[in-house]
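Trainee: Have a look at the structure that comes next, please.
The values are calculated or read from the model by the stated rules, or taken from the named source; none is laboratory data. Please read these numbers as outputs of a predicted model, since none were measured by experiment. Ideal geometry is used to build each Cβ from the backbone, glycine not excepted, and the neighbour counts take in all protein chains shown.
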């Protein structure tokens, strides 16, 4: 009888006492046979840590010295976790007892599967896909990210249309299964990202290293979403634009880098002007700040530190060979299944 790979579920928490009280019981009900549970606290100012210690003694606590966001927080916490597979789980996710087993089984089919995600549904509408990951992350030829089951702010009802396990471009950070050895091999998350897009960047680097990123429909979890920064928040918009640009600069093949970023500049400028016309000047300012800070970051970035193979975007799985926003806004293709029609 083969030994089950060791799995560590690590929940990064920041002032999330209410979420932990609501969702940690479901995680503690997980049935996987070789499991450790952790709460990694990002210097919370509420009573999260005391609450977990009192009510969930089986859960180990890791206390980070500062709040370095999702990326830095996990990089710090995972130095203290020993397991074959990490499961990075948001504090606002509800799980079912057997949610771990199908994902681990799929990952064990091929050692090249470095990361995998379950199906993400919306906690408040449990038949609907959730924004952060839905049925697996994709990217278009200009670096815009979307999901099967969610394009921009349009989410689909889950009718079984994405119940096929498949390779994807990126797996959601809300419920990310990742081999610990692979995580550390490529250097973990980029702490410069702080939050948002760091899991896409990590998955892109894993793909460049020759690994697969997969989606497992047999496991379903329910995500509240927006627990730290809700949709429509200018800070969230700033991080998404800045981090997406940083990710493209780092990971695009030199033959693709300038042409894609040149096109993105004009499309992002249109997005900023659209925000102004819509009466959202703070959103426009967030986009301009994102470009300012990206330019400052780019002037310091050293490609010499990146030892991973260069790969063309169109040669990778999980890439849509078209421009997603063009088809969404001008051709009214609002769902994944209609994008290529």
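Trainee: In the list 115, 50, which residue meets the criterion of being at pLDDT 95 or above and more than 20 Å from residue 174 (Cβ to Cβ)?
Mentor: Within the list 115, 50, the selection yields 50.
Trainee: Hey, does the stretch 107-114 have a residue that's within 14 Å of residue 225 (Cα to Cα) and either in the same structural domain as residue 208 (by TED's automatic domain parsing) or without any contact (Cβ under 8 Å) to a residue 40 or more places away in the chain (or both)?
Mentor: Of the stretch 107-114, the ones within 14 Å of residue 225 (Cα to Cα) are none.
Scanning the stretch 107-114, I find no residue that is within 14 Å of residue 225 (Cα to Cα) and either in the same structural domain as residue 208 (by TED's automatic domain parsing) or without any contact (Cβ under 8 Å) to a residue 40 or more places away in the chain (or both), so the answer is no.
Trainee: Does residue 45 meet the test of being part of a loop (DSSP other than H, G, I, E, B), assigned by TED's automatic domain parsing to the domain that holds residue 194 and in contact with a helix residue (DSSP H, G or I) (Cβ under 9 Å, 6 or more places away or on another chain)?
Mentor: Against the criterion (part of a loop (DSSP other than H, G, I, E, B), assigned by TED's automatic domain parsing to the domain that holds residue 194 and in contact with a helix residue (DSSP H, G or I) (Cβ under 9 Å, 6 or more places away or on another chain)), residue 45 does not qualify.
Trainee: Of these, 86, 38, 74, which one is more than 17 Å from the chain's Cα centre (by Cα) and either touching a residue at least 24 places away in the same chain (Cβ under 8 Å) or farther than 19 Å from residue 173 by Cα (or both)?
Mentor: 38 is the lone residue from the list that is more than 17 Å from the chain's Cα centre (by Cα) and either touching a residue at least 24 places away in the same chain (Cβ under 8 Å) or farther than 19 Å from residue 173 by Cα (or both).
Trainee: Would you mind finding the one in 78, 89 that is buried (at least 23 other Cβ atoms within 10 Å of the Cβ), touching a strand residue (DSSP E or B) at 6+ places or on another chain (Cβ under 9 Å) and part of a helix (DSSP H, G or I)?
Mentor: 78
Trainee: Another question, then. Quick one: count up the residues across the stretch 245-264 that are in a helix (DSSP H, G or I) and touching a residue at least 24 places away in the same chain (Cβ under 8 Å).
Mentor: 13
Trainee: Moving to a separate point now. Tell me yes or no: at least one residue of the stretch 213-236 is buried (at least 23 other Cβ atoms within 10 Å of the Cβ) and over 17 Å from residue 177 (Cα atoms).
Mentor: No, the conditions are met nowhere in the stretch 213-236.
Trainee: Given (1) out of contact with any strand residue (DSSP E or B) (no Cβ under 9 Å at 6 or more places or on another chain); (2) at pLDDT 95 or above, where does residue 226 come up short, assuming only one miss?
Mentor: In the conditions (1) out of contact with any strand residue (DSSP E or B) (no Cβ under 9 Å at 6 or more places or on another chain); (2) at pLDDT 95 or above, residue 226 misses (2) alone.
Trainee: So if I check each of 123, 144, which one is in contact with a helix residue (DSSP H, G or I) (Cβ under 7 Å, 6 or more places away or on another chain) and over 21 Å from residue 105 (Cα atoms)?
Mentor: Values: 123 fails: in contact with a helix residue (DSSP H, G or I) (Cβ under 7 Å, 6 or more places away or on another chain).
So the residue among 123, 144 that is in contact with a helix residue (DSSP H, G or I) (Cβ under 7 Å, 6 or more places away or on another chain) and over 21 Å from residue 105 (Cα atoms) is 144.
Trainee: Hey, another quick one. Go through the stretch 150-166 and count every residue that is farther than 27 Å from residue 265 by Cα and touching a helix residue (DSSP H, G or I) at 6+ places or on another chain (Cβ under 9 Å).
Mentor: Kept after step one, since they are farther than 27 Å from residue 265 by Cα, are these residues of the stretch 150-166: 156-166.
Okay, now just the ones that are also touching a helix residue (DSSP H, G or I) at 6+ places or on another chain (Cβ under 9 Å), so 156, 161-162, 165.
Residues flagged as farther than 27 Å from residue 265 by Cα and touching a helix residue (DSSP H, G or I) at 6+ places or on another chain (Cβ under 9 Å) within the stretch 150-166 amount to 4.
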